[in-house]
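Visitor: If you scroll down you'll find the structure; I have some questions about it.
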């Protein structure tokens, strides 16, 4: 498009230049008779010129005179010939009847004005007790889709994220028989749900909770089990509720979303004390892996233990992690949780 426009501009300029050159050449020849050969001057002076029409070089007065002379004579018109003529009289009717509409059709009923449906923005929560002293918490927040939410329960707290419809469905280990769950969003909205968990007395339960990416882990080694052997329960081998239902061992539940803003995390170890098939000791430790995210930093955490009388015992942890040259190493903390002593039933 640019090339075509450029070519058109050059062509127009060239044509204008040719026209100007021709006019200047002709104007020079007609305006300077001294430069013309004698034979040409004589021929020009003697040759008759027949004037037909008008030339653009004529003076305006001469052109107007020739145009007036060329007009054809026409007969003159009188004033009567150009005046408008009157129309003939048209007879009007003696009586004119004007029709009137007595009815305008059926009248529309007066309908009540409809208001626009209001968008439900309430936050609802429902808690239902399930097997293994677990509670299924269902949260509905249609106006808070994909938002960070914090769940509080008996001193334990963790953060999660609602789905695209503002919902959250999660299974939580209960820490009290009269379990109360508080759902809290960043904008202050929230809800409360309760559930009766009668089976909690049949289980031992310990919790480790922390904030941020600290690399903390709960490790339970049941009845003298070695690391990575059968009976070593941790996040890499967490088991599920079916093992506890048979009385064969415990299971680990991880709560919280590490990808949430300012994540709050928790790990809960559950053992079916009332239905255990063997007796012995369960060694409980907290381990911290040294990572690029926590090396050289101060780490804080808290443990919660459900005691036989239903009360919770808490312990706080604060330690400084080794430098980043120790990345990949583990710190083993033996004094944050008490070992469980299990008697066979």
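Visitor: Six or more apart or on different chains, Cβ atoms under 6 Å: show the pairs whose first residue is in segment 206-219 and at pLDDT 95 or above and whose second is buried (at least 21 other Cβ atoms within 10 Å of the Cβ) and part of a loop (DSSP other than H, G, I, E, B).
Guide: Every condition considered, the pairs that remain are 206/337.
Visitor: Could you list, in sequence order, the residues of segment 269-285 that are part of a strand (DSSP E or B) and over 20 Å from residue 226 (Cβ atoms)? Full working, then the answer.
Guide: Going through segment 269-285, the residues part of a strand (DSSP E or B) turn out to be 269-271, 280-285.
270, the sole residue that qualifies.
Visitor: Out of 188, 155, I need the residue that is touching a strand residue (DSSP E or B) at 6+ places or on another chain (Cβ under 7 Å), over 23 Å from residue 240 (Cβ atoms) and surrounded by fewer than 14 Cβ atoms within 10 Å (Cβ to Cβ). Which one?
Guide: That would be 155, the only listed residue that is touching a strand residue (DSSP E or B) at 6+ places or on another chain (Cβ under 7 Å), over 23 Å from residue 240 (Cβ atoms) and surrounded by fewer than 14 Cβ atoms within 10 Å (Cβ to Cβ).
Visitor: Given the structure, is residue 261 crowded, with 22+ Cβ neighbours inside 10 Å, under 20 Å from residue 184 (Cβ atoms) and touching a residue at least 24 places away in the same chain (Cβ under 8 Å)?
Guide: No; evaluated as a whole, the condition is false for this residue.
Visitor: Right, here's the next one. Among the residues of segment 312-328, which ones are assigned to a loop (DSSP other than H, G, I, E, B) and either over 45 Å from the mean Cα position of the chain (by Cα) or surrounded by 13 or more Cβ atoms within 10 Å (Cβ to Cβ) (or both)?
Guide: 321, 322, 327
Visitor: Give the residue, chosen from 266, 220, 288, 244, that is assigned to a helix (DSSP H, G or I) and surrounded by 13 or more Cβ atoms within 10 Å (Cβ to Cβ). Give the derivation first.
Guide: Working: 266 fails: assigned to a helix (DSSP H, G or I); 220 fails: assigned to a helix (DSSP H, G or I); 288 fails: assigned to a helix (DSSP H, G or I).
Checking each option against the conditions leaves just 244.
The values are calculated or read from the model by the stated rules, or taken from the named source; none is laboratory data. Note that this is a predicted model, so its numbers are computed, not measured. Neighbour counts run over all protein chains shown; Cβ positions are idealised from the backbone, glycine included.
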